[in-house]
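What follows is a short report on a single structure.
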Amino acid sequence: MAAISTSSARLASGWDPKTKPFPQARRTDDVETFKSAKAASGKVDVADPYKWLETPPSKSDETKDWVKAQADYAQDYISGYPDRAAFKKRVEANMSFPRFSCPSLKGDGAYYFNYNAGLDPQSTIYRATRQDIEAAEKAQHDGKPDAAKPPGSLWFDTNLLSKDGTIALGGMNFSKSGKHLAYSLSKNGSDWQTIYVRKTTEPFVKPEGAANPEQHINAEGGPNRLEDKLEFVKFSSIGFHNDVGIFYQRFPDTTSGGSKGTETDATKDAELYYHKIGTKQEDDILVIGKDPKCREIMWGGFLSEDKRWLQVNASKDTNPTARSYIACLDDQDVSGNLRWIPLAHTFDYQLGYLGNDVLEEKDEDGKSVERFYYMTNKDAPNYRVVYTDVRRSSARTIGHVSEFTGEDANLIELVPEQKDALLDSAEIVAGNRLLLTYKRNVQDELWEHELGSGKAVRRLLADLVGTIAQVSGRREDKEIFVSSISFTNPGVIHRITFDGDKKEAPKEVVHRTTKVAGIKPEDYISKQVWFDSTDGAKVPMFVTYPKSIDPTKAPVLLYAYGGFNISLPPSFSPGMMTWTTEYGGIYAVVNARGGGEFGESWWKAGTRFNKQHTFDDVLNAAKYLHGNGLGAKGKIVVNGGSNGGLTVAAVGNQAGEEHGIGALIAEVGVLDLLRFQRHTIGSAWVGDYLNADESGDQFDHLYSISPLENIVPNKAYPTYLLMSADHDDRVVPLHTFKFAAKLQHECPANPNPILLRVDINAGHGAGKSTAKRIDELCDKWSVIARALNLKLRDAPTASL
């Protein structure tokens with residue numbers, strides 16, 4: 001593709017790189033040699049002039065100074081947009097609505113749920129009685145003014161963890177009795193977490209009558225928690241074993257005494273530990289040590305519903321595959337010498353535990369045989385439900401679980417795979433009812449099946465159009481709560497009660513409806529369209545926009561991801577909906593290949609040597625939009641984060657005028673595809689991306705698509721906003737730093753802004769405070785609105 005000359009390109013509004021050139025980055029002579037299958041010499045030398053930017057700002061004054069210069073440069077352009085403050089007020093107004101998760105009944109007889117009044121930095125946890133829940137539901141039905149208030153009382157005030165909302169609640173797990181809660185906290189968005197424990201009789205709230213909440217800020221959850229503190233935890237489940245102990249994953253300390261989240265060292269050598277409540281972490285029991293054959297292995301330790309069995313899944317990357325083992329805790333103490341029953345010996349599929357039943361049949365030792373139910377992709381790319389009968393007499397000890405060999409567990413099919421729908425989730429509720437959520441053409445359906453036979457009974461919530469966001473319910477209860485959302489629906493929670501036998505349809509009632517004053521669903525068009533990609537594949541895309549606009553003249557926000565088997569179903573974003581309303585824009589979400597929308601085949605079609613399909617899908621989505629009256633050519637903004645940031649940057653390198661792209665927003669992107677595997681958790685991504693260090697053919701492919709290596713010198717790139725965070729230890733900021741430095745160097749006279757925004761005291765995105773998210777959103781749209789000359793509806797500056 002020929003580059004577009006910058007000498008003849010028109011300058012974006014408010015932009016002149018001649019009068020204000022980019023901040024300079026020192027260039028070095030660093031070169032790295034990779035094996036190549038294409039090169040005649042069998043190797044290729046790759047220049048790496050910004051290798052020094054791999055050292056984070058926390059450890060290099062030079063990096064720190066360069067990042068500050070870039071931040072000041074970007075802020076200068078952002079501050080030149082006169083309507084930022086007005087847009088921010090409208091975003092805040094549309095985000096200021098109460099948000100509830102589904103009530104979840106625990107063993108202490110109380111219901112717990114997340115609540116955010118709208119602009120709270122972090123969501124809090126409330127606790128309510130059955131009477132409170134019923135009264136809140138009645139208040140909704142009766143239309144009472146206080147219906148939006150949370151029932152019960154505040155139980156865990158997450159906003160007392162820090163003054164600025166930079167400490168967030170990660171994972172949490174109640175003990176079966178409901179007497180204890182184990183919870184993990186992360187700081188500044190880091191993947192590192194610390195686990196704490198508290199009794200449910202001890203809430204973490206501001207003392208009644210306290211005048212100054214800041215006096216009660218406590219980063220560990222208050223003085224009334226237990227003394228247990230588990231550090232160096234990352235990507236860990238929290239397996240609560242009755243009220244006795246916790247199974248968790250721990251890594252070696254790689255922080256070198258620095259701030260957690262700023263290090264770039266590879267994350268390896270995970271181990272599974274057991275912590276007894278009331279003891280010190282140094283006394284924890286090593287259950288499974290690091291894998292002697294694969295240092296990238298990570299351990300997920302889960303307890304069965306009855307807390308009698310431990311299941312451990314060993315995964316080596318982000319692929320949906322894992323080795324699986326179970327151990328009965330009834331007749332053995334937790335130790336590093338447990339008797340295990342292997343279920344899956346290889347990385348060919350995964351087994352997602354659903355439940356287990358004790359059978360009348362006895363094994364060779366006279367112990368009851370137990371039936372375990374699983375959701376699996378073995379021989380079923382779209383997933384199915386199976387069971388296997390487990391005999392405790394087959395359990396045995398071994399030096400390390402990785403040494404197990406032999407046949408996998410015999411899986412008996414209960415619910416077969418559907419070829420035209422993806423089984424997205426499954427759970428056993430209300431006795432022996434199997435609840436299955438299917439994705440059909442990227443929209444959810446909820447089905448009830450019989451657990452015994454696997455037969456479908458009925459579809460639940462038959463009028464649902466959108467996405468099932470949460471299902472809350474236990475096997476011992478008669479009811480469940482189901483939350484659903486869509487692009488224009490901020491949330492509806494239904495309560496489904498199974499009172500009669502399976503022949504009688506359960507009772508479905510609306511428990512809570514969420515409304516946003518400035519966003520009314522009836523004012524918008526939201527539909528799914530399909531287009532042809534480069535190779536003829538049919539690709540779906542959702543488009544949402546106000547009925548009042550002329551879509552042929554509208555700007556478009558085209559959001560893309562396309563990776564890691566992750567789906568982009570309909571979901572509600574008050575920020576995006578505010579943008580469509582206030583700028584008269586179209587919000588488009590493309591379900592590019594590499595995602596999980598249609599199962600394993602769709603995912604694999606956009607990974608490894610097929611990764612170009614992802615980029616082709618997005619490029620063709622842009623052409624389809626302006627070619628079919630959905631957006632103005634030149635005003636399409638392509639946005640994505642993480643793997644989506646990679647997608648945006650690759651699309652930016654490959655796009656031409658025919659695609660009509662006017663701006664690119666790449667957030668926390670994986671932009672150096674030759675070296676990502678060497679930093680933090682990057683080695684887990686080789687299943688999607690390949691590994692340039694592994695073989696010549698893998699290098700050749702990654703070299704041809706890596707955004708960092710395929711910048712087109714002097715091409716007229718559209719407005720470009722690169723975004724990262726100083727505590728991002730998932731996709732370390734070096735990716736964005738090196739790419740920004742090289743892009744600005746190769747295109748010094750670019751007719752459109754090339755800006756780098758670095759969020760301070762923030763990570764990859766999870767746990768980010770509401771205020772930070774609003775500021776980030778407003779900065780994004782200030783850049784785009786200024787560069788593309790977009791007009792804010794009823795803007796205060798309209799008459800200036």
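Please treat every number below as a calculation from the coordinates, not as lab data. Only a predicted model underlies this, so the values are computations on that prediction, with no experimental measurement involved. So basically every Cβ, Gly included, is an ideal-geometry build from the backbone, and we count neighbours across all protein chains shown.
Packing around the peptides 584-595, 347-358, taken as the average count of other Cβ atoms within 10 Å per residue, puts them in this order, highest first: 584-595, 347-358.
Distant-in-sequence amide contacts of Ala469, defined by a placed amide H-H separation under 5 Å and a gap of 5 or more residues or a different chain, comprise Ser483, Ser484, Ile485. Translational diffusion of segment 537-687 was estimated from the Stokes-Einstein equation, with Rh taken as the Kirkwood radius over Cα pairs; at 37 °C and 0.692 mPa s the coefficient is 211 µm²/s.
Spatially, segment 95-130 and segment 37-77 are offset by 43 Å when compared through their Cα centroids. Can you give the percent of C-alpha pairs in segment 1-115 whose distance is more than 20 Å? When all Cα pairs of segment 1-115 are counted, 74 percent exceed 20 Å.
Between the helical axis of 130-142 and the longest alpha-carbon principal axis of the chain there is an angle of about 50 degrees.
Its Kirkwood hydrodynamic radius, worked out from the mean inverse distance over all distinct Cα pairs, puts segment 545-607 at 12.7 Å. The Rg/Rh ratio for the chain is 0.95, where Rg is the radius of gyration of the alpha carbons and Rh is the Kirkwood radius. In a solvent-free Debye calculation with one equal scatterer on each Cα, what is log10 I(q)/I(0) for segment 366-471 at q = 0.15, 0.22, 0.23, 0.24 Å⁻¹, listed in the order of the q values? Rounded to two decimals, the profile gives -0.72, -1.19, -1.27, -1.35.
Volume per residue for segment 357-400 equals 100 cubic angstrom (convex hull of Cα atoms). Counting only alpha carbon atoms, the long axis of helix 612-627 and the longest principal axis of the chain meet at about 60°. Semi-axes of the equivalent ellipsoid for segment 263-316, computed as √(5λ) from the eigenvalues of its C-alpha gyration tensor and ordered from largest down, come to 22, 17, 10 Å. For segment 248-397, lysine pairs separated by 8 or more sequence positions, or belonging to different chains, with Cα-Cα distances below 17 Å total 7. Pairs of C-alpha atoms in segment 477-530 farther apart than 17 Å represent 53 percent of all such pairs. When you count the other C-beta atoms within 10 angstrom of each residue and take the mean per peptide, 72-79, 574-581 line up highest first as 574-581, 72-79. Stretching the chain fully between Arg458 and Asp142 yields a gain of 110.8 nm (0.36 nm per residue, less the alpha carbon separation). According to the Cα-based calculation, Rg over Rh for segment 258-391 is 1.01, with Rh computed by the Kirkwood formula. Computed from Cα atoms alone, the Kirkwood hydrodynamic radius reported for segment 193-239 is 12.4 Å. Rg/Rh, computed from the Cα trace of segment 144-210 with Rh as the Kirkwood radius, has the value 1.03.
When Glu403, Glu208 are arranged by Cβ crowding within 10 Å, least crowded first, meaning fewest neighbours, the order is Glu208, Glu403.
Using only the alpha-carbon atoms, how far is helix 61-78 inclined from the longest principal axis of the chain? Give it as 0 to 90 degrees, nearest 10. Compared with the principal axis, the helix lies near 70 degrees. Farthest toward the dipole's positive end in the chain, which of Ala270, Val589, Tyr81, given Cβ charges of +1 (Lys, Arg) and -1 (Asp, Glu) about the Cα centre? It is Tyr81, whose Cα lies furthest towards the positive end. Separation of segment 159-193 from segment 693-711 is 39 Å, based on Cα centroids. Here segment 98-223 has an Rg and Dmax of 15.0, 45 Å, counting Cα atoms alone. 222 nm [θ] for the chain, helices only, -39500 (n - 2.57) per DSSP H run of 4+, per residue, to 500? Result for the chain, helices only: -5000 deg cm²/dmol. The value of relative contact order for the chain, using C-alpha pairs under 8 Å at least six residues apart, is 14 percent.
Hull surface divided by four, with the convex hull built on the Cα atoms of segment 41-98: how many nm²?
Values: hull surface 35.2 nm².
Projected area, direction-averaged: 8.8 nm².
Dipole check for the chain: with +1 at the C-beta of Lys and Arg, -1 at the C-beta of Asp and Glu, and the Cα centre as origin, the magnitude is about 1820 Debye.
In segment 672-752, the convex hull through the Cα atoms has an average projected area of 5.7 nm², a quarter of its surface area. Arranged from fewest to most other beta-carbon atoms within 10 Å of their beta carbon, Ser177, Ser486 become Ser177, Ser486. Listed by chain and number, the lysines placed with their C-alpha closer than 24 angstrom to that of Lys715 are Lys18, Lys20, Lys51, Lys611, Lys623, Lys633, Lys635, Lys738, Lys742, Lys780; residues fewer than eight positions away on the same chain are left out.
Neighbour counts of other Cβ atoms within 10 Å put Glu450, Glu600, Glu231 in the fewest-to-most order Glu231, Glu450, Glu600.
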